[in-house]
Amino acid sequence: PNTVTSIGQYAFLNCSKLPSVIIPNSVTTLLNNSFNGCTGLTSVTLSNTLATIGNAAFQGDVSLNSITFPNSVTNIGSYAFTNCTDLTNIVFGNAVNTLGVDTFRYINKLQNLTLPATLTSIGTNCFANTSVVNLIVQDISSITLSSGGLGFTLTSLQTFECYSNTDRKSTRLNS
């Protein structure tokens with residue numbers, strides 16, 4: 001119903017036969033572990049008013065292959081997509097400013113990633129144990145990394161481009 005503003009903690013925990021989810025526009029918050037362990041989940045459509053994705057919200061959803069964050073999402077919690085091993089496509093909207101600890105850890109099929117200019121904080125090991133080959137950071141001058149940094153598996157990273165809104169220069173490294 002249009003009166004639902006959040007999906008509760010553990011609401012759909014381990015619903016292994018759930019194939020797809022459409023979050024209605026009335027929902028602004030997904031609480032911690034709301035869809036954790038939904039191993040059959042292949043498709044998620046997020047609300048255009050969603051602002052916060054809680055910790056471990058989609059952790060272990062091993063069949064999820066793509067996620068697009070609407071322009072309303074500002075915060076993606078720790079472990080939110082950890083162990084989503086089939087995830088091949090992540091598209092950030094233009095409002096994401098915080099990624100938590102281990103948010104996208106153990107995503108083995110993701111090869112291309114663009115981090116938006118709005119991003120200001122990246123948690124420890126946010127992208128650890130991923131297979132990212134091409135990374136673009138749209139505004140590196142605004143990002144604060146925690147002690148563990150991005151945590152990319154350096155053996156897979158081949159191209160790194162970063163831009164700074166302060167000097168409009170780019171750096172491109174090829175290995």
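Every condition in (1) open to solvent by less than 20 Å² (accessible area, probe 1.4 Å); (2) on the phi > 0 side of the Ramachandran plot is met by Asn33 except one, and the failing one is (1). Report every pair of residues separated by at least 6 positions or lying on different chains whose Cβ atoms are under 9 Å apart, first residue within the range 124-146 and more than 14 Å from Thr98 (Cβ to Cβ) and aromatic (Phe, Trp, Tyr), second modelled with pLDDT under 85 and part of a loop (DSSP other than H, G, I, E, B). Sorted first by the residue in the range 124-146, then by its partner, the pairs are Phe127/Leu150; Phe127/Gly151; Phe127/Phe152; Phe127/Thr153.
I'd like the residue in the range 15-24 that is part of a loop (DSSP other than H, G, I, E, B) and surrounded by 14 or more Cβ atoms within 10 Å (Cβ to Cβ) and, out of all such residues, is nearest to the chain's Cα centre (by Cα).
For the range 15-24, the residue satisfying everything is Ile23.
The values are calculated or read from the model by the stated rules, or taken from the named source; none is laboratory data. This structure is a prediction, so every number in the text was calculated from the model and none was measured. As a convention, Cβ positions derive from the backbone with ideal geometry for all residues, glycine included, and neighbour counts pool all protein chains shown. We work out accessible area using only protein heavy atoms, side chains counted, and drop any ligands, DNA or RNA first. Shrake-Rupley method; radii C 1.70, N 1.55, O 1.52, S 1.80 Å.
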